[in-house]
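To start, the structure under review is shown below, and the notes come after it.
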Amino acid sequence: MADTNPAAEPVEHSSGETRDRLTGDEGGRWRVVTRSGSNHLFDLDAGTVERIPGPNASTSINDTCRLLRTIERCEVGSTGGWTMKSVDFMVDFYWQVCTVIVRIERLSDPAEPALPRPPLADAAVNYTVK
């Protein structure tokens, strides 16, 4: 039986360049792979991050594309931590803490436009305060 887990076959291709850490100043698109097999896709030019849970990871509220707020810690050999913006006026921001990071790799720039991604989380929610 074929593995249908999205993290088993990454949707993006590596350029071959790897780093020991991300600070957010690098620019470009990066895949952060954790010990649980989860992939975190950072687009530092667009300021977004998307989590794709691995085979040994539970699902999370962060399993979507969100606007990146800060990178607190993103280093191979350590657990990772970053925050994401929220458009929900009741939520200041979201935290992501991941298992130990095993690889950080730059993603190739696509030769043709990528398939459309789902909209940013909460983007369709329209809150009216009276």
Exercise. Pick from G27, G16, G37: which is within 15 Å of the chain's Cα centre (by Cα), small (G, A, S) and surrounded by fewer than 13 Cβ atoms within 10 Å (Cβ to Cβ)?
Worked result: G27
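Residues checked against (1) farther than 20 Å from R29 by Cβ; (2) surrounded by 12 or more Cβ atoms within 10 Å (Cβ to Cβ); (3) modelled with pLDDT of 95 or more:
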{"site": "F93", "(1), (2), (3)": "yes, yes, no"}
{"site": "I101", "(1), (2), (3)": "no, yes, yes"}
{"site": "A111", "(1), (2), (3)": "no, no, no"}
{"site": "A114", "(1), (2), (3)": "no, no, no"}
{"site": "N126", "(1), (2), (3)": "yes, no, no"}
Seminar exercise, completed: Among G77, G81, the single one that is modelled with pLDDT of 95 or more, loosely packed, with under 12 Cβ neighbours inside 10 Å and in contact with a strand residue (DSSP E or B) (Cβ under 8 Å, 6 or more places away or on another chain) is G77
For this session: Could you tell me which numbered condition D122 fails, if it satisfies all but one of (1) modelled with pLDDT under 95; (2) surrounded by 13 or more Cβ atoms within 10 Å (Cβ to Cβ); (3) of a type outside the set (K, R); (4) within 15 Å of the chain's Cα centre (by Cα)?
Result: (4)
Problem set entry | Residue in segment 40-53 that is surrounded by the fewest Cβ atoms within 10 Å (Cβ to Cβ), counting only those that are touching a strand residue (DSSP E or B) at 6+ places or on another chain (Cβ under 6 Å) and under 17 Å from T23 (Cα atoms) | G47
Problem set entry | Subset of segment 15-35 (residues that are over 17 Å from D45 (Cβ atoms) and small (G, A, S)) | G16
For this session: Mind counting the residues in segment 54-97 that are closer than 16 Å to R19 by Cβ and either β-branched (V, I, T) or under 12 Å from the mean Cα position of the chain (by Cα) (or both)?
Result: 5
For this session: Can you run down the residue pairs with Cβ atoms below 8 Å, 6 or more apart or on separate chains, where the first is in segment 15-40 and farther than 16 Å from P53 by Cα and the partner is of a type in the set (S, T, N, Q) and at pLDDT 95 or above?
Result: G24/T70
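The values are calculated or read from the model by the stated rules, or taken from the named source; none is laboratory data. Because the structure is a prediction, the values reported are computed rather than measured. Neighbour counts are summed over all protein chains in view; Cβ atoms, including those assigned to glycine, are modelled from backbone coordinates with ideal geometry.
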